[in-house]
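The values are calculated or read from the model by the stated rules, or taken from the named source; none is laboratory data. Treat the numbers as computed from the prediction; the structure is a model and nothing was measured. Note that each Cβ is placed from the backbone with ideal geometry, even for glycine, and that neighbours are counted across all protein chains shown. What goes into the accessible areas is simple: the full protein's heavy atoms, side chains included, and nothing from ligands, DNA or RNA. Shrake-Rupley method; radii C 1.70, N 1.55, O 1.52, S 1.80 Å.
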Amino acid sequence: MKEQSNYISLMNRAIRGVFNNALRVSLKNPSMFYFVLQTIIRQRKAVKLRLSWENKGFHIPPAIIASITGRCNLKCKGCYAKINCKPSTKEMSTEQWGKIVEQAKELGISIILLAGGEPFIKKEILNITKRFPEIIFPVFTNGLLLNEEIIMELKKQKNVIPVISMEGFEENTDERRGEGVYENIQETIKEVNNKGIFFGVSLTITRNNFDMITNENFIKKLIKNGCKLVFFVEYVPIEQETENMVLSNVQKQELEKIIKKFNTQFKGIFIAFPGDEIEYGGCLAAGRGFIHISPEGNLEPCPFAPYSDTNLSNISLKEALQSDFLKKVRENSEYLVEGKGGCALWNNRDLVKSLMK
């Protein structure tokens, strides 16, 4: 129990640090600065609510990754959603997602990352996010569907943060995402920045592009273009024969130092995912720190461990979080130790799947 309490404290402190950094970054934007101040107060209330549930025997993670659709307008190489997606399965409705977000709020879950597929294929999700200003919704998007209508809605909803995915410069981005995508992304970034929207980028970091996207000149360009948030997402080898793209152990250690340096050097927020799992006693998936909801409503340990014994179309979020399967994953710490490819669950997927039995 003491060990669990320690990692929860570390996790809450890390989240608090991110929002304190956001306060620093938004100093020259009065309306955003005020919103971040409000958010910090709301986050404190959410922490107290989660701790109250903890004292009642219900462990509640601070974050959800919600893959609201498996559909996408691109076919990126090595996309986990494309490989794991089951097109014949019926996706949950917007109304069902609204009920889940309502339940999340009542449990003290304060960050819901919207993913896909391409989340803006379901642009009606913005009708839900505006009802919950106390929840922060980073939206991981390829940026190509950010038209004027969506951009104007994002301007009204400061709790929704578009995070545009790219691989670096034009050659790398177009090689994975398709010809002309990089140029379209740059136009989107320009438009979003001109409207004064707080936005970020998501960079899939591999052994091959490590030096390029951690280069200070590359980061300076992002910041100059208005980017305030940068996710470095370690590549996970979903496709066979791509293991050579995984970060080396030396690069992983170097990335931790780089993240700390960038957070003090630049007016931006820099986050590595999955981050330093050793510090938290293992992976934060399976509800330790976050949980994943598939497009069809399955509650899964994470996007890279698409296994579930519960579906939110017929069970409450609170009840689903206490599932036997998730509990077994959390208790088997040997599966939660950081492994090759930045994802211990993926590397031990057969063993993780066997826990459902």
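What number, in percent, do you get for the relative contact order of the stretch 140-297 if the mean sequence gap of Cα pairs under 8 Å and at least 6 apart is divided by its residue count? Intermediate values should be presented prior to the final figure.
Details: 192 pairs, mean separation 29.4, N = 158.
Result for the stretch 140-297 is 19 percent.
May I ask what percent, to the nearest 5, of DSSP beta bridges between residues of the chain are antiparallel? Each step should come with its number before you reach the end.
Values: 4 of 35 bridges.
Around 10 percent of the beta bridges assigned by DSSP in the chain are antiparallel ones.
What order do you get for 142-150, 243-251 when each peptide is scored by the mean count of other beta carbon atoms within 10 Å, highest first?
Working: 142-150: 17.6, 243-251: 14.0.
Result, highest mean first: 142-150, 243-251.
Give the peptides 225-233, 130-138 in descending order of average Cβ contacts within 10 Å, highest first. Please list the in-between numbers first.
Values: 225-233: 19.9, 130-138: 17.9.
Descending mean neighbour count gives 225-233, 130-138.
Would you mind working out the accessible area per residue for the stretch 144-224, using a 1.4 Å probe, and quoting it in Å²? Provide the component values of the computation, followed by the final result.
Details: 3810 Å² over 81 residues.
Heavy-atom SASA per residue in the stretch 144-224 reads 47 Å².
If packing is taken as the average number of other Cβ atoms within 10 Å across a peptide's residues, how do 23-30, 110-117 rank, most packed first? Mind dumping the intermediate values first?
Values: 23-30: 13.9, 110-117: 23.9.
Most protected by this proxy first, the peptides run 110-117, 23-30.
How much accessible surface area, in Å² rounded to 10, belongs to the heavy atoms of Tyr34 with a 1.4 Å probe?
For Tyr34, the solvent-accessible surface is approximately 140 Å².
Relative contact order of the chain, please, whole-number percent, based on alpha carbon pairs below 8 angstrom and at least 6 residues apart.
In percent, rounded to a whole number, it is 18.
So who's got an amide H within less than 5 Å of the one on Val230, skipping anything under 5 residues away but keeping other chains? H placed 1.01 Å off N, in plane.
Result for Val230 returns Val201, Ile269, Phe270, Ile271.
Convert each backbone phi in the stretch 104-111 into a coupling constant with the Karplus relation 6.51 cos²θ - 1.76 cosθ + 1.60 (shift: θ = phi - 60°), then list the ³J(HN,Hα) values in order as whole Hz, x for Gly and Pro.
These are the phi-based 3J(HN,Hα) values: 4, 4, 5, 8, x, 6, 10, 9 Hz.
On the accessible surface of the chain, probed at 1.4 Å, how many percent belong to carbon and sulfur atoms? Walk me through the numbers before you get to the answer.
On the way: 8660 of 16840 Å².
Carbon with sulfur: 51 percent of the solvent-accessible area.
Under a 5 Å amide H to amide H cut-off, with H placed in plane at 1.01 Å, what residues pair with Ala63 once short-range neighbours are removed?
It is Ile291, by chain and number.
Tell me the relative contact order for the stretch 104-228 as a rounded percent, counting alpha carbon contacts under 8 Å between residues six or more apart. Each step should come with its number before you reach the end.
On the way: 160 pairs, mean separation 27.2, N = 125.
Relative contact order, the stretch 104-228: 22 percent.
Within the set of other residues whose C-beta is less than 10 Å from the C-beta of Lys267, count the net charge using Lys and Arg as +1 and Asp and Glu as -1.
Numbers: positive: Arg24, Lys28, Lys228; negative: none.
Net charge around Lys267: +3.
For the chain, what is the mean residue ellipticity at 222 nm derived from helices alone (per DSSP H run of n ≥ 4: -39500 (n - 2.57); sum divided by total residues; nearest 500 deg cm²/dmol)?
On the way: 15 runs with 156 residues, N = 357.
After summing the helix terms and dividing by the residues of the chain, the value is -13000 deg cm²/dmol.
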